[in-house]
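Pasting a structure here, questions to come.
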Amino acid sequence: MVCASLIGQYHNCVHCRNQLIKINLHSVIEWSIIIIKDSKGYRQVKQIVTTYIQDGIAVVCVNNPPVNATSTALRQGLLDAVTACENMSAKVVILYCEGPTFIAGGDMTEFNAPPAPPDLPDVIQAIEDSVVPWIAAMHGTVLGGGFEIAMGCAYRVALTNTRFGLPEVNVGLIPGAGGTQRLPRLIGTNAAIDLTTSGRMIMANDLYDLGGLDMVSDAAKALEAAKAFYTSRPDRPTAINLRKCDALSESAIKDLKTQITLKSKGQQSPLHCLEATLMATQMPFKLGQPKERALHLALRNSAESRALRYVFFVERAVSKPAILGQSKPRDIAQVAVVGGGLMGAGIAFSCLQAGLNVSLLEQDKDTADKGFDRVCSLIDGAVKRAKITRENADKLLKNLQFGTDYNLAENADIAIEAVFEDLEVKKAVFQQLADMMRPDAILATNTSYIDPVEIMQGISNPSRCIGLHFFSPAHIMKLLEIVRLPATDPEVIATGFALAKRLRKVAVLSGVCDGFIGNRILAAYRREADYLLMDGAKPGDIDAAMRAFGMPMGPYELQDLTGLQIAWANRKRQAATRPPEERYVKVADMLCEAGRLGQRSGAGWYRYDENSRTPIPDQYVTDLIRSLGAGQQSFSQDGIINLILAAIINEGGRIIEEGIAERAIDVDMVMVNGYGFPRWRGGPMHYATEIGLEQVRADMAQVALQSPNSWVVSDMLK
Ligand code: NAI
């Protein structure tokens with residue numbers, strides 16, 4: 001394809017000033033392959049944006065793997081292409097992308113620095129203003145800046161399975177290149193508000209129905225579809241920036257604000273997206289777009305966006321702990337799940353959904369049938385909620401065996417135990433599994449609190465033993481703690497991470513300690529809340545404060561919801577090793593002794609009317625706390641938040657210092673994905689860096705002073 005005669009023409013690149021050789025392909029006018037001559041000699045680089053013309057149709061091809069993100073080079077390439085296509089007197093320009101997707105968003109690594117020119121809004125404006133009409137030819141996921149670029153084009157054509165979205169809200173931002181100003185002008189105000197404030201994706205056919213696309217095609221390639229569209233295209237429509245969109249009534253805006261505020265639990269970006277989208281109904285584009293841009297840039301520096309961008313990156317990094325080195329995961333095709341109760345059934349369903357064969361083992365025929373029924377009802381629930389089709393559900397069931405005979409586990413690559421939380425019962429299960437399974441088959445326990453080293457004592461080949469701590473409901477909760485025993489082979493840990501990925505979970509590596517990472521921090525959280533209670537705060541004050549911080553629920557409402565009995569059993573278990581000088585709050589024990597085990601028993605920290613889950617403050621609890629000699633100190637909402645957060649951060653610090661967690665990101669991802677810590681706060685350790693360690697240090701000193709002999713202060717806060 002290369003015209004050899006052209007090789008050897010030197011040009012200076014205006015961007016990098018390296019010496020270039022220009023090589024043209026047949027019919028290609030702009031450069032497509034560039035040879036750079038620098039200090040290391042000659043190197044071939046592929047252009048991010050290539051433009052060529054054939055029969056008057058200019059094709060602008062973007063090739064910026066992996067997802068064609070709108071980097072500086074890509075923006076510059078597109079801007080150059082606008083001029084090039086006009087200079088070539090093209091009749092039309094088709095913009096399409098190589099690889100698995102059209103432009104799928106911005107390059108978030110660029111968000112930490114001031115934006116480098118050319119700005120995306122200017123690039124899009126140049127496309128929209130070009131005398132040559134542009135057609136966006138789309139496939140894959142058209143997100144953020146990609147969707148905004150498509151809205152600058154005169155026409156939009158997409159393959160059927162293309163998805164569209166403005167997900168900036170998920171990283172604490174609003175769209176910054178006209179997205180909130182063009183989308184309502186394209187598909188209507190209400191539909192645009194839905195997409196900008198939720199960040200959700202929409203399928204091509206739905207966008208077409210809203211008027212957002214000119215054609216949806218079943219062609220093999222988006223470029224082909226766009227060429228076909230061009231032959232029968234309608235007249236060039238009015239540019240979106242010149243269109244009008246409907247204003248909403250005052251009461252509709254008020255309702256939207258209330259709904260969004262309730263749903264976003266303290267996160268501000270959905271409200272900013274609402275505000276920006278409404279601007280399109282209140283002012284012309286040329287005023288609204290700069291305002292949108294200014295807000296977008298300001299939000300890049302907000303604590304909320306920093307936290308959400310941090311979570312975006314570390315959620316990927318957390319699955320690569322240093323201990324894995326180059327270890328490769330083993331293949332997993334068959335899983336034995338022992339125990340078909342609440343957790344076992346959820347784990348089995350999750351594995352089935354991931355395409356694995358599952359054998360569910362129970363203690364007797366009756367419990368085996370019940371376990372099978374539990375899995376069936378989870379599958380039926382998924383069918384009812386249209387998560388899977390009936391046909392798929394039947395396929396899943398074919399991959400499930402159940403019974404009491406350990407022969408069922410004989411060919412399994414891994415066994416996950418989820419029987420009663422009882423050391424002897426668990427030990428017996430693992431002995432039977434070890435006798436039946438291959439000597440290298442992985443043995444995993446889902447225990448929450450029992451030391452897995454004790455559970456696995458005496459098992460042959462202990463390097464295959466591991467903890468896989470799922471969270472309830474196991475088929476829904478994102479978090480999986482992978483518990484490394486001293487003897488666990490890194491390959492077995494790598495297999496745990498690979499399994500988590502198949503189950504679409506965020507896995508975090510933890511060492512062995514009481515409660516692992518998450519429940520250990522939860523215990524510190526509850527302990528400080530109880531101390532505040534005994535110093536004068538009310539359960540309702542503490543719950544309200546933690547909700548104001550962004551938790552979905554406060555600690556007492558949550559205990560009532562999940563039941564007080566598991567924590568009660570734990571406190572009894574820990575009694576023997578609890579330092580006698582540690583401050584101990586007996587309220588929860590006394591509630592349990594009085595049969596107040598939470599919502600299911602009609603009362604716990606609160607009382608509940610029949611058939612209602614609304615917690616009602618109860619004089620009984622106030623009197624009980626007072627009878628134990630509670631103080632009269634008054635705490636502000638911020639005071640409660642600061643002290644509880646200090647206790648949480650302190651415990652996180654100790655967990656890292658003890659080597660239970662490798663990194664701060666491990667602690668953060670456990671709390672965000674398993675314990676409702678607000679994502680937009682980034683996790684406790686990230687939050688500590690945001691508010692500053694000096695502040696946390698001072699708060700922790702107060703925590704320790706209020707409850708002497710009760711806290712080990714982490715080195716980080718000393
Ligand atoms: P569960 O009581 O609902 O289920 C336990 C199941 O194990 C029962 O169906 C029982 O028949 C079966 N079983 C008991 N002994 C057996 C044996 N020898 N062989 C085969 N099956 C046997 O309990 P749940 O809540 O499912 O908990 C199971 C495990 O998961 C416990 O270790 C618990 O600590 C852990 N876990 C529980 C969480 C929760 O929120 N419930 C969260 C994370 C872990």
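Return the total of residues in the stretch 580-619 being touching an Asp or Glu at 6+ places or on another chain (Cβ under 6 Å) and among the β-branched types (V, I, T).
Qualifying residue count for the region: 1.
Determine the pairs where a residue that is in the same structural domain as T162 (by TED's automatic domain parsing) and within 16 Å of Q125 (Cβ to Cβ), located within the stretch 67-83, has a partner that is open to solvent by 20 Å² or more (accessible area, probe 1.4 Å) and of a type in the set (D, E, K, R) with Cβ atoms under 7 Å apart, the partner being 6 or more residues away or on another chain.
What qualifies is T70/D107.
Could you please find all residues in the stretch 679-718 being open to solvent by 10 Å² or more (accessible area, probe 1.4 Å) and within 20 Å of the chain's Cα centre (by Cα)?
Of everything in the stretch 679-718, those that are open to solvent by 10 Å² or more (accessible area, probe 1.4 Å) and within 20 Å of the chain's Cα centre (by Cα) turn out to be R679, W680, R681, M685, H686, Y687.
Just give me the residues in the stretch 558-587 being outside any helix (DSSP H, G or I) and either farther than 17 Å from G515 by Cα or small (G, A, S) (or both), in sequence order.
Within the stretch 558-587, G563, P579, P580, E581, E582, R583, Y584, V585, K586 meet the criteria.
Something else now. Take P184 and decide whether it is buried (at least 21 other Cβ atoms within 10 Å of the Cβ) and not charged (D, E, K, R).
Answer is yes for this residue.
Go through the stretch 353-367 and count every residue that is buried (at least 19 other Cβ atoms within 10 Å of the Cβ) and within 11 Å of the ligand (Cβ to nearest atom).
3
Of these, V314, V338, V318, which one is in contact with an Asp or Glu (Cβ under 7 Å, 6 or more places away or on another chain), of a type outside the set (D, E) and within 16 Å of the ligand (Cβ to nearest atom)?
V338
For the stretch 559-585, give me each residue that is within 25 Å of A704 (Cα to Cα) and in contact (Cβ under 8 Å) with a residue 12 or more places away in the chain.
Scanning the stretch 559-585 gives Q559, A567, W568, N570, R571, R573, Q574, P579, E581, E582, R583, V585.
Given the conditions (1) more than 27 Å from R464 (Cα to Cα); (2) open to solvent by less than 80 Å² (accessible area, probe 1.4 Å); (3) of a type outside the set (D, E), which single one is not true for A415?
Checking A415 against (1) more than 27 Å from R464 (Cα to Cα); (2) open to solvent by less than 80 Å² (accessible area, probe 1.4 Å); (3) of a type outside the set (D, E), the one that fails is (1).
Among (1) within 14 Å of the ligand (Cβ to nearest atom); (2) part of a loop (DSSP other than H, G, I, E, B), there is one condition N411 misses while meeting the rest; what is its number?
Unmet condition: (1).
For the stretch 102-117, how many residues are at pLDDT 95 or above and either surrounded by fewer than 21 Cβ atoms within 10 Å (Cβ to Cβ) or among the small types (G, A, S) (or both)?
Count: 1.
Also: Using the structure shown, decide if G554 is assigned by TED's automatic domain parsing to the domain that holds R681 and either of a type in the set (A, V, I, L, M) or more than 16 Å from the ligand (Cβ to nearest atom) (or both).
Spelling it out, G554 is indeed assigned by TED's automatic domain parsing to the domain that holds R681 and either of a type in the set (A, V, I, L, M) or more than 16 Å from the ligand (Cβ to nearest atom) (or both).
What number of residues within the stretch 497-546 satisfy the criterion of being of a type outside the set (K, R) and not in a helix (DSSP H, G or I)?
13
Here's a follow-up. It is to be established whether one or more residues within the stretch 425-434 are part of a helix (DSSP H, G or I) and either in the same structural domain as R571 (by TED's automatic domain parsing) or of a type in the set (V, I, T) (or both).
Yes, the stretch 425-434 has at least one match.
Take Q401 and decide whether it is near the ligand (Cβ under 10 Å from one of its atoms) and closer than 13 Å to A336 by Cα.
no
Would you be able to tell me the number of residues in the stretch 269-285 that are in a helix (DSSP H, G or I), more than 11 Å from L295 (Cα to Cα) and not hydroxyl-bearing (S, T, Y)?
8
Examine the stretch 389-398 for a residue that is within 14 Å of the ligand (Cβ to nearest atom) and surrounded by fewer than 22 Cβ atoms within 10 Å (Cβ to Cβ), and state whether such a residue exists.
No: the stretch 389-398 contains no residue that is within 14 Å of the ligand (Cβ to nearest atom) and surrounded by fewer than 22 Cβ atoms within 10 Å (Cβ to Cβ).
Quick check, is S359 more than 26 Å from the chain's Cα centre (by Cα) and without any contact (Cβ under 8 Å) to a residue 12 or more places away in the chain?
It is false that S359 is more than 26 Å from the chain's Cα centre (by Cα) and without any contact (Cβ under 8 Å) to a residue 12 or more places away in the chain.
Quick one: count up the residues across the stretch 303-337 that are under 16 Å from the mean Cα position of the chain (by Cα), closer than 30 Å to V419 by Cβ and open to solvent by less than 10 Å² (accessible area, probe 1.4 Å).
Final tally of qualifying residues: 1.
So, G146, is that one out of contact with any helix residue (DSSP H, G or I) (no Cβ under 6 Å at 6 or more places or on another chain), on the phi > 0 side of the Ramachandran plot and open to solvent by less than 30 Å² (accessible area, probe 1.4 Å) or not?
The answer is no for G146.
Could you list, in sequence order, all residues of the stretch 660-678 that are open to solvent by 30 Å² or more (accessible area, probe 1.4 Å) and either over 26 Å from the mean Cα position of the chain (by Cα) or under 17 Å from I641 (Cβ atoms) (or both)?
Hit for the stretch 660-678 is Y675, nothing else.
Taking the stretch 547-557 as the search range and keeping residues that are in contact with a helix residue (DSSP H, G or I) (Cβ under 7 Å, 6 or more places away or on another chain) and assigned to a helix (DSSP H, G or I), which one is nearest to M669 (Cα to Cα)?
F549
Right, here's the next one. Quick one: how many residues across the stretch 196-205 are touching a Cys at 6+ places or on another chain (Cβ under 9 Å) and surrounded by 24 or more Cβ atoms within 10 Å (Cβ to Cβ)?
The total comes to 2.
Follow-up. Looking only at residues in the stretch 439-449 that are surrounded by 14 or more Cβ atoms within 10 Å (Cβ to Cβ) and more than 8 Å from the ligand (Cβ to nearest atom), which one is nearest to A494 (Cα to Cα)?
I442
Same structure, new question: Any idea which of G152, G165 is open to solvent by less than 20 Å² (accessible area, probe 1.4 Å) and within 16 Å of M201 (Cα to Cα)?
From the options G152, G165, the qualifying one is G165.
Out of V419, V425, V375, report the one residue that is near the ligand (Cβ under 9 Å from one of its atoms) and either touching a helix residue (DSSP H, G or I) at 6+ places or on another chain (Cβ under 6 Å) or in contact (Cβ under 8 Å) with a residue 12 or more places away in the chain (or both).
V419
The rows are residues; the columns are (1) closer than 21 Å to S377 by Cβ; (2) modelled with pLDDT under 95; (3) in the same structural domain as L397 (by TED's automatic domain parsing).
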site	(1), (2), (3)
R309	no, no, no
V318	no, no, no
A333	no, no, yes
C351	yes, no, yes
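So, in the stretch 378-388, exactly how many residues are within 16 Å of the ligand (Cβ to nearest atom) and farther than 24 Å from K426 by Cβ?
Summing the residues that are within 16 Å of the ligand (Cβ to nearest atom) and farther than 24 Å from K426 by Cβ in the stretch 378-388 gives 0.
Within the stretch 560-573, does at least one residue satisfy the condition of being surrounded by 23 or more Cβ atoms within 10 Å (Cβ to Cβ), at pLDDT 95 or above and within 16 Å of the ligand (Cβ to nearest atom)?
Yes; the residues of the stretch 560-573 include at least one that is surrounded by 23 or more Cβ atoms within 10 Å (Cβ to Cβ), at pLDDT 95 or above and within 16 Å of the ligand (Cβ to nearest atom).
The values are calculated or read from the model by the stated rules, or taken from the named source; none is laboratory data. Owing to the predicted nature of the structure, the values given are computational and were not obtained by experimental measurement. Positions of Cβ are generated from backbone atoms using ideal geometry, with glycine treated the same way; all protein chains shown enter the neighbour counts. Ligands, DNA and RNA are excluded from the accessible area calculation, which covers all protein heavy atoms including side chains. Shrake-Rupley method; radii C 1.70, N 1.55, O 1.52, S 1.80 Å.
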